[in-house]
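Structure record follows, encoded as structure tokens.
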Amino acid sequence: MPRHFNRPHIVWGWSGTLADDVPLQVAAVNAALAALGAPPVDLDTIRHRFATSPPALCAAILGRPLTDRERARASLVFETHPARRRLTGLLPGTEELLARLIRSGCSHSVLSLGAHRRLTQHIAELGADSFFLRIDGRTGPSARSKTQPLAKHLSALRQTVGDRPVALIGDAVDDIRAAVANQVQPVPYAGGLTHRDVLRRSGVPVADNLAEAAALAVEYAHTT
């Protein structure tokens with residue numbers, strides 16, 4: 001099989017990116033807020049204040065720091081909410097997009113701050129695991145950043161992808177920061193849980209859909 005050195009390896013986020021789960025995430029966030037005695041919020045509010053951990057998001061929405069007890073409560077309610085356990089599918093057209101990119105010489109992996117066991121089980125139940133060289137989720141306590149997990153993810157991938165360019169496609173500002181810290185190309189995606197205007201403040205072009213995000217990743221690879 002020919003090697004495509006100018007085609008990127010793409011690290012994808014899961015929740016809010018490949019997974020069609022935004023309404024379920026909103027339901028879980030509102031359950032966490034209710035546990036703190038706060039009223040529900042809409043998706044637009046979440047998108048303007050999104051943070052990578054449920055307690056941090058609740059704190060941003062409430063406009064105040066949470067106590068240790070509140071942080072633990074918000075995290076527990078969010079993680080155990082029934083919406084989080086529903087088997088959501090991939091966004092429409094995603095399987096075709098991933099397959100087309102593989103045929104063109106790209107490769108894929110998934111990096112998420114969600115629980116590793118649940119993530120791998122979810123992807124396997126969707127029959128989508130064959131698209132990815134590697135799938136990594138969180139194996140310890142809740143993390144606020146993907147920076148260190150991305151470093152480990154890339155280290156594990158390097159024997160497979162070699163020196164090919166790498167892009168990270170995700171829906172959070174933290175995805176951008178983690179990519180820059182690890183010297184890979186960030187491709188922010190505005191279809192998830194962060195508002196487009198918030199992502200644009202990074203100065204990096206923002207994709208409105210996954211096909212556009214993939215096209216940006218390929219374009220960046222040609223310039224390296």
Within segment 183-199, residues surrounded by fewer than 22 Cβ atoms within 10 Å (Cβ to Cβ) and closer than 16 Å to residue 51 by Cα come out as 190, 191, 195, 196, 197, 198
Taking segment 16-62 and keeping residues of a type in the set (S, T, N, Q), under 21 Å from residue 90 (Cα atoms) and at pLDDT 95 or above leaves 17
Every listed condition ((1) surrounded by fewer than 17 Cβ atoms within 10 Å (Cβ to Cβ); (2) within 17 Å of the chain's Cα centre (by Cα); (3) in the same structural domain as residue 131 (by TED's automatic domain parsing); (4) not aliphatic (A, V, I, L, M)) holds for residue 96 save (2)
**Message:** Among the residues that make up segment 54-67, is at least one of them under 23 Å from residue 215 (Cβ atoms), in contact (Cβ under 8 Å) with a residue 60 or more places away in the chain and crowded, with 21+ Cβ neighbours inside 10 Å?
**Reply:** no
- Task: Say whether the condition of being under 17 Å from residue 16 (Cα atoms), buried (at least 20 other Cβ atoms within 10 Å of the Cβ), touching a residue at least 60 places away in the same chain (Cβ under 8 Å) and out of contact with any Phe, Trp or Tyr (no Cβ under 7 Å at 6 or more places or on another chain) is met by at least one residue in segment 152-166.
- Result: no
When segment 114-125 is checked residue by residue, the ones that are surrounded by fewer than 22 Cβ atoms within 10 Å (Cβ to Cβ) and of a type outside the set (Ser, Thr, Tyr) are 114, 115, 116, 117, 118, 119, 121, 124, 125
Yes or no: segment 131-149 includes at least one residue that is in a helix (DSSP H, G or I), in the same structural domain as residue 218 (by TED's automatic domain parsing) and crowded, with 22+ Cβ neighbours inside 10 Å. yes
Of the residues in segment 150-171, those that are under 13 Å from residue 184 (Cβ atoms) and part of a loop (DSSP other than H, G, I, E, B) come to 163, 164, 165
Test residue 179 against the criterion of being in contact with a helix residue (DSSP H, G or I) (Cβ under 9 Å, 6 or more places away or on another chain), surrounded by 18 or more Cβ atoms within 10 Å (Cβ to Cβ) and not hydroxyl-bearing (Ser, Thr, Tyr), and give yes or no.
yes
Some residue of segment 77-85 being closer than 11 Å to residue 18 by Cβ and buried (at least 20 other Cβ atoms within 10 Å of the Cβ): no
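Among the residues of segment 176-216, what is the count of those that are acidic (Asp, Glu) and either within 14 Å of residue 18 (Cα to Cα) or part of a loop (DSSP other than H, G, I, E, B) (or both)?
Result for segment 176-216: 2.
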Exactly one of 15, 75 is touching a residue at least 12 places away in the same chain (Cβ under 8 Å) and not assigned by TED's automatic domain parsing to the domain that holds residue 190, and that one is 75
Of all helices (runs of 4 or more DSSP H) fully inside segment 12-127, the set with 1 or more residues that are in contact with an Asp or Glu (Cβ under 8 Å, 6 or more places away or on another chain) and either among the aromatic types (Phe, Trp, Tyr) or farther than 29 Å from residue 167 by Cβ (or both) is 54-62
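The values are calculated or read from the model by the stated rules, or taken from the named source; none is laboratory data. It should be emphasised that the depicted structure is a prediction, and the values quoted were computed from it without experimental measurement. Here Cβ is always computed from backbone atoms with ideal geometry, including for glycine, and neighbour counts include all displayed protein chains.
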